[in-house]
Amino acid sequence: MKKYFFLFILLCPLSAISWTAYIYDDNKDVFTLYPDSLWSAKNLPLAGEDEFRPGTIGYIPTKLGYLEDEWYMWFDENNDVVVFKAFTQVPICALVTTEFPNGLLGKDEYNNLISGFDYKATFKIDRAIKGKIRQKFMEKALGQTAVDNCIADNVNQFRYYFKDGYLIDAESYDGLVGYAREFKGSKLFEVIQRNARNKHADEASVIKEINFQFDCFAKMPPEHFKLAYNDVYNYNMALVWFSLYGVEGNATLSNFQLCVPDAKPIDISTDSISMVWGSNIFEFKKGILVNVK
């Protein structure tokens, strides 16, 4: 189930905001007025989510046969809403607060409507791939047929994997995941990438550390990950995480050595090792961090 930050708008009835609904026709590249007769609950298909009542945003894509995770929405400050096909910028419908002449929403009006739309900021692939999405939807939306249960999406730079007709996994071309991908292009990302490349000769280890650094970033409050924003820690947020949360987080020796390769080993035994960095000693047993002092 998707998590919506604006659930009240998603489920808000048509009568409260007075939307006029327009449906996008892929073949004719035109929006047409959505017939009022279709707002009857009895017209809901068996597939989809029956929680979307007639007059709500989710009702129209459900009525048109889309599953809940196969669409996403964007709205502007006037509460005009555009519903798009997941993984694309192709609209499904538009709910606007103004009714246009002749029952048509023209290209100029539509372009003005989405003038503030930012695809990358609105649609989150990481969130979408955790949902229930059909292979046949992806093939039609992306205009590709899966080969060996895989679709390569050159627009979003992802490979999607399917089993039994549904999306089961995805991987980005560059190997980045989660916050690492979201922060790509930022100054923080550039610093962490540069530091990782200074530590590792192979790109696979560089990507692995970048992903882990941003994973640690996501797990800590700002007052903690910002402790790494200096010349001493050199933006090594993983090192801060190991120090503050590593024991309870079952941090591994392999990830520690990946991110802190300059730590010195001491007290080595058959199943334990202590690593020294600065004034801290990190004690590992059977590859898991058990104490920091």
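Which angle between 0 and 90 degrees, to the nearest 10, do you get for helix 187-199 versus the longest principal axis of the chain when only C-alpha atoms count?
Between the helix axis and the principal axis of the chain, the angle is about 40 degrees.
Within a Cβ distance under 15 Å of ILE288, other residues only, what is the Lys/Arg minus Asp/Glu net charge?
Charge balance in the 15 Å sphere: -1.
Out of residues 5 or more away from THR56 or on other chains, whose amide H comes under 5 Å of its own, with H placed 1.01 Å from N in the peptide plane?
Excluding prolines and chain starts, which carry no amide H, the hits are LEU14.
Going by C-beta contacts inside 10 Å, put SER279, SER172 in order with the fewest on the left.
By the 10 Å Cβ count, ascending: SER279, SER172.
Pairs LYS184/LYS219; LYS28/LYS130; LYS120/LYS199; LYS132/LYS163; LYS85/LYS132: which exceed 23 Å Cα-Cα?
LYS28/LYS130; LYS120/LYS199
Kindly rank 74-81, 144-151, 204-211 from highest to lowest mean number of other beta carbons found within 10 Å of each residue.
Result, highest mean Cβ count within 10 Å first: 204-211, 74-81, 144-151.
Tell me, what ³J(HN,Hα) does each residue in the stretch 125-137 have, in order and in whole Hz, if you take phi through Karplus 6.51 cos²θ - 1.76 cosθ + 1.60 with θ = phi - 60° and put x for Gly and Pro?
Calculated HN-Hα couplings, in order: 4, 4, 6, 5, 6, 7, x, 9, 10, 7, 4, 5, 5 Hz.
From the convex hull of the Cα coordinates of the stretch 147-282, what is the mean projected area in square nanometres?
Result: a mean projected hull area of 11.2 nm².
Which residue, HIS200, GLN157, PHE100, has the largest displacement toward the positive end of the dipole of the chain when charges sit on each Cβ (Lys, Arg +1; Asp, Glu -1)?
HIS200
Hey, could you pull the Cα Rg and Dmax for the stretch 126-209, both in Å?
15.4, 44
Provide VAL96, VAL247 in ascending order of the number of other Cβ atoms located within 10 Å of each residue's Cβ, fewest first.
Lowest count first: VAL247, VAL96.
Report the semi-axes of the equivalent ellipsoid for the chain in whole Å, largest first, where each axis is √(5λ) for an eigenvalue λ of the Cα gyration tensor.
After diagonalising the Cα gyration tensor, the semi-axes are 48, 20, 18 Å.
Per 5 Å bin, what percent of the C-alpha pairs of the stretch 239-293 does each bin hold, from zero upward?
Calculated over all Cα pairs of the stretch 239-293, the distribution is 5, 22, 38, 27, 7, 0 percent.
Throughout, read-outs are computed from the coordinates displayed, never taken from laboratory work. Note that the structure is predicted; figures quoted are calculated from it, not measured. Cβ: placed from backbone, ideal geometry, glycine included. Neighbour counts: every protein chain shown.
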